[in-house]
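My structure is below; once you've seen it, I'll send some questions.
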Amino acid sequence: MVSFSQLIQDISMYYQFIDSPLGAVKISANHSGITEVAFVSHSGQAEPSMLTETAAAQLTAYFAGRLAQFSLPLAASGTAFQQQVWQALGKVPFASTCSYADIARHIANPKAVRAVGAANGRNPIAIVVPCHRVIGANGTLTGYAGGLEKKAWLLKHEQRHKALL
């Protein structure tokens, strides 16, 4: 039997904000892992946990050009298909790009290019799950929840620091 205190712990959410070169970033987590990394217009009330502190430190290192690979437990909520796409995104190497069709082929569903694009757009854990590394088949920058300027900045940032990492 699950106790009331265990139930409360299971649904507790923790929040933290960091300042980045692209503006405020919100980090959300539950007891299982990171549930969200998102660009926000302003910082809010923080209720940090050890996990959000770790994520904040890793994101700060990423923005400083000292980290290429995140090591965080993730707990994003999504459909089985979205989870499959997000796992594939996590395999796109630092400072590399791929197309939506590449991801569709990687998940053995080559006709699901549009669905991959939709799942990519619903990725709640920006940067850590590197949806910014997915570009159009013709090499152009396509949609990004944070905006194309942020996507371009992230890709250039990774290119600048790839030799150092």
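Does GLY146 count as modelled with pLDDT under 95 and either closer than 29 Å to TYR15 by Cβ or charged (D, E, K, R) (or both)?
When the stated conditions are applied, GLY146 passes them.
With the checklist (1) at pLDDT 95 or above; (2) part of a loop (DSSP other than H, G, I, E, B); (3) closer than 30 Å to ILE11 by Cα in hand, flag the one item HIS31 doesn't pass.
(1)
Residues ALA80, ALA75: which one is touching a residue at least 12 places away in the same chain (Cβ under 8 Å) and among the hydrophobic types (A, V, I, L, M, F, W, C)?
Being touching a residue at least 12 places away in the same chain (Cβ under 8 Å) and among the hydrophobic types (A, V, I, L, M, F, W, C) holds for just one of ALA80, ALA75, which is ALA75.
Filter region 123-164 down to the residues that are within 17 Å of LYS26 (Cα to Cα) and loosely packed, with under 15 Cβ neighbours inside 10 Å and list them by number.
Matches in region 123-164: GLY147 only.
Looking only at region 12-28, count how many residues are assigned to a strand (DSSP E or B), in contact with a helix residue (DSSP H, G or I) (Cβ under 6 Å, 6 or more places away or on another chain) and either in the same structural domain as VAL128 (by TED's automatic domain parsing) or within 13 Å of LEU59 (Cα to Cα) (or both).
Qualifying residue count for the region: 4.
Filtering region 49-71 down to residues that are more than 17 Å from ALA95 (Cα to Cα) and of a type outside the set (S, T, N, Q), which residue is surrounded by the fewest Cβ atoms within 10 Å (Cβ to Cβ)?
So the residue we want is MET50.
Can you find a residue that is outside the structural domain of ALA137 (by TED's automatic domain parsing), hydrophobic (A, V, I, L, M, F, W, C) and surrounded by fewer than 19 Cβ atoms within 10 Å (Cβ to Cβ) anywhere in region 94-104?
There is no residue in region 94-104 that is outside the structural domain of ALA137 (by TED's automatic domain parsing), hydrophobic (A, V, I, L, M, F, W, C) and surrounded by fewer than 19 Cβ atoms within 10 Å (Cβ to Cβ).
The values are calculated or read from the model by the stated rules, or taken from the named source; none is laboratory data. These numbers come from a predicted model, not from an experiment. Cβ sites come from the backbone with ideal geometry, for glycine too, and all protein chains shown count toward neighbours.
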